[in-house]
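The values are calculated or read from the model by the stated rules, or taken from the named source; none is laboratory data. For clarity, every value in this text was computed on a predicted model and none was experimentally measured. Positions of Cβ are backbone-derived with ideal geometry, glycine not excepted, and every protein chain shown enters the neighbour counts.
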């Protein structure tokens, strides 16, 4: 109890908490984009449930990893060496997650460009298998993003209560933003392609970091923000043209 009171009275602890909360929210954007795109592939009645399960599991995984900080620290220690390049468990997990993201985003882009017709006879089985597959893929990426998130938290502060508060706060923000973001992506087809492009970039970043090439996250998110801004201008232009055509008609 005294330890918590000391933290609460420490300005340094509050600065660390604010910084870590912002960092965790930013890191959660990647996770949220993936969840939004994947759940939008499900029938509408299953989407919100899948998003809740995915984000809930993200919270459980992050808190579970926080309870094993000693194990998390060990994940950064080299375990194998290939052609002079040392790899830790964290590196291999990031590479695997990055490859999965690139594969998944590329597959979704292909489906968007050449959608396969759905067989009405198999609609029921497709819903069940689709939901299970979506949850499985969300859990897989939750693990990758959770490990990255927790290692970042451990590197920024040594106080476990600060880490827990920051993780919970970031997941709550994800929970509040999940439905509006998914609806926005679903209502704007061009945004889907942009978001899939983001996932490819994020996947390549994870692969690069797995091979030891540090990519400043600020550059990645600045590129994403710039691209999103251009897309917003395109959307405004299209709506203005549609409104003008409607008025002329």
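Are any of the residues in segment 19-35 farther than 14 Å from residue 170 by Cβ, out of contact with any strand residue (DSSP E or B) (no Cβ under 8 Å at 6 or more places or on another chain) and either buried (at least 20 other Cβ atoms within 10 Å of the Cβ) or at pLDDT 80 or above (or both)? The answer is yes; a qualifying residue exists. Criterion applied to 166, 153 was being closer than 23 Å to residue 91 by Cβ, more than 14 Å from the chain's Cα centre (by Cα) and assigned to a helix (DSSP H, G or I), and the one residue passing it is 153.
Scanning segment 218-238 for residues that are modelled with pLDDT under 85 and more than 24 Å from residue 31 (Cβ to Cβ) returns 235, 238. Only residues that are out of contact with any helix residue (DSSP H, G or I) (no Cβ under 9 Å at 6 or more places or on another chain) and modelled with pLDDT of 80 or more: list them for segment 62-84, please. Of everything in segment 62-84, those that are out of contact with any helix residue (DSSP H, G or I) (no Cβ under 9 Å at 6 or more places or on another chain) and modelled with pLDDT of 80 or more turn out to be 81, 82, 83, 84.
Only a single criterion out of (1) more than 16 Å from the chain's Cα centre (by Cα); (2) surrounded by 13 or more Cβ atoms within 10 Å (Cβ to Cβ) is not satisfied by residue 245, namely (2). Of the residues that make up segment 211-233, is at least one touching a strand residue (DSSP E or B) at 6+ places or on another chain (Cβ under 9 Å), assigned to a helix (DSSP H, G or I) and within 17 Å of residue 102 (Cβ to Cβ)? There is no residue in segment 211-233 that is touching a strand residue (DSSP E or B) at 6+ places or on another chain (Cβ under 9 Å), assigned to a helix (DSSP H, G or I) and within 17 Å of residue 102 (Cβ to Cβ).
Here 134, 116 are screened, and the one residue that is within 27 Å of residue 24 (Cα to Cα) and modelled with pLDDT under 85 is 134. Looking at the structure I just gave you, is residue 57 modelled with pLDDT of 85 or more and either in a helix (DSSP H, G or I) or touching a helix residue (DSSP H, G or I) at 6+ places or on another chain (Cβ under 8 Å) (or both)? Answer is yes for this residue.
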